[in-house]
Amino acid sequence: MLFSALLRNLPGLLLLLWPLLLLPPPAAPGRLTRASVRRLGTRVPGGSPGHFSARATSTRAPYSGVRGSGVCKSRPLDLVFIIDSSRSVRPLEFTKVKTFVSRIIDTLDIGATDTRVAVVNYASTVKIEFQLNTYSNKQALKQAVARITPLSTGTMSGLAIQTAMEEAFTVEAGARGPTSNIPKVAIIVTDGRPQDQVNEVAARARASGIELYAVGVDRADMESLKMMASKPLEDHVFYVETYGVIEKLSARFQETFCALDQCMLGTHQCQHVCVSDGDGRHHCECSQGYTLNADGKTCSAIDKCALNTHGCEQICVNDRNGSYHCECYEGYTLNADRKTCAAQDKCALGTHGCQHICVNDGAGSHHCECFEGYTLNADKKTCSVRDKCALGTHGCQHICVSDGAVSYHCDCFPGYTLNDDKKTCSDIEEVRSLISIEDACSCGATLAFQEKVSSHLQKLNTKLDNILKKLQVTEYGQLHR
């Protein structure tokens, strides 16, 4: 009898099992890459090529898949699922949608201060299954999702988005206010063409701060998905050919909602030090001796010399690595403490540059001098031969003749002869007149010579007396003025 009953109901069983027989084999478990999304979305209703492909590369690091690894932690969200349960979604397919929702919940940190979840169920009517503040633990949420039943007829996607915006994303329903900086995210899942207008209401939802993701299945209208989703569309629009593979998208949303630790991934762009702040946030700091620039990432060396905290006695010099060193003025040397300076005796060191004589002035300074007969040049270091004839200190009565190299000799005007002192001159005629042409050995000649000498001496005495009288008169006149 049992066999007969099976034969009678065989057509109905085949009709029920036929969609399952057409499903593709399940994909191997693992993370669904952007390339996989592209493969699943290559065909749209009617067999025409899909217009949405994933970007060839992704700046987002791959999700580690290990909770507590320190690389990824889900960001706090106000998350609302908007799920299509119209008649085109068969009971088994609707179960797949609920599994998809539950798997995403599994990847989230659920709680009053973490992620809050609500579900909006829609067909021709809209029903809020539970609000953001209804459940605060993961197990209760998943049980509530499992109890959701389809609403059957119609596909009022625009009405569903409006209801979520006006009733689910409110503070009264558990959404956190704008000051909390908690993202508001909605994921709409549909397999058909909306029977109402979605463009305007979706635009208003996005303008209110709601980030919209659109997941299309099987007969979903791609243009409607584009109108509903946020931009960039390649990150917010997904298409799968059957409900049998929709669960695989949960890994994609796990990556999307993951707050990556940029410091651990090395993608922070901090020039020196990256500091994790939690929830995927970080900030940059600088090594000692540097300060953070206005861009919040790069660092510049602190000018410790300008801060006047260097302790250098004389000169502070900045180094490229944010440090500094001390130097001294010319004539000083740096002491062992590398900060204070001591005066150098450049004369003793032989570094003075003086051509002749170095004279130490103390306090690290000095000056140059020259040997006698030389004069210091304008460079204050070298010396040149001094011309004593030009200086007028030679003592020559008539003419001084320079011989170079500080020597000279005296000469006389024509008609005069140089005396034995090599400086004074005498008239040649007078000298000659003193010498008699007579024989110097005869007595008469001697007497004649003596008389002439006496006569000359007398004349000289007379001249001297006259000169003395004139001097006395002059002195007397000066005293009685």
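Numerical summary
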{"item": "Residues of the stretch 195-252 satisfying the condition of being among the small types (Gly, Ala, Ser) and either crowded, with 22+ Cβ neighbours inside 10 Å or part of a helix (DSSP H, G or I) (or both)", "result": "Ala202, Ala203, Ala205, Ala207, Ala214, Gly216, Ala220, Ser224, Ala229, Gly244, Ser250, Ala251"}
{"item": "Residue within the stretch 270-289 that is farther than 30 Å from Lys381 by Cβ and hydroxyl-bearing (Ser, Thr, Tyr) present", "result": "yes"}
{"item": "Test: Val89 is at pLDDT below 95 and not in a helix (DSSP H, G or I)", "result": "yes"}
{"item": "Residue in the stretch 65-76 that is in contact with a Pro (Cβ under 9 Å, 6 or more places away or on another chain), open to solvent by less than 40 Å² (accessible area, probe 1.4 Å) and modelled with pLDDT of 95 or more present", "result": "no"}
{"item": "Matching entry among Lys297, Lys304 (being surrounded by 13 or more Cβ atoms within 10 Å (Cβ to Cβ), charged (D, E, K, R) and within 15 Å of the chain's Cα centre (by Cα))", "result": "Lys297"}
{"item": "Residue identified as hydrophobic (A, V, I, L, M, F, W, C), in contact (Cβ under 8 Å) with a residue 60 or more places away in the chain and not in a helix (DSSP H, G or I) among Ala112, Ala175", "result": "Ala175"}
{"item": "Qualifying positions in the stretch 342-356 - modelled with pLDDT of 90 or more and buried (at least 16 other Cβ atoms within 10 Å of the Cβ)", "result": "Cys354, Gln355"}
{"item": "Residue within the stretch 455-471 that is at pLDDT below 80, within 30 Å of Val359 (Cα to Cα) and not polar (S, T, N, Q) present", "result": "no"}
{"item": "Positions within the stretch 152-194 being among the hydrophobic types (A, V, I, L, M, F, W, C), open to solvent by 50 Å² or more (accessible area, probe 1.4 Å) and farther than 14 Å from Val80 by Cα, in sequence order", "result": "Leu159"}
{"item": "Any pair with Cβ under 8 angstrom, 6 or more apart, that starts in the stretch 337-361 at a residue that is assigned by the TED database to the domain that holds Glu327 and ends at one that is exposed (fewer than 15 other Cβ atoms within 10 Å of the Cβ) and assigned to a helix (DSSP H, G or I)", "result": "none"}
{"item": "Segments classed as strands (runs of 3 or more DSSP E), wholly inside the stretch 354-431, with at least 2 members that are over 60 Å from the mean Cα position of the chain (by Cα)", "result": "399-404, 407-411, 416-418, 425-427"}
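The values are calculated or read from the model by the stated rules, or taken from the named source; none is laboratory data. Keep in mind the model is a prediction, meaning the values are calculated, not measured. Please note: Cβ atoms are built from the backbone with ideal geometry, for glycine as well, and neighbour counts cover all protein chains shown. These area figures cover heavy atoms from the full protein model, side chains too; ligands, DNA and RNA do not enter into them. Shrake-Rupley method; radii C 1.70, N 1.55, O 1.52, S 1.80 Å.
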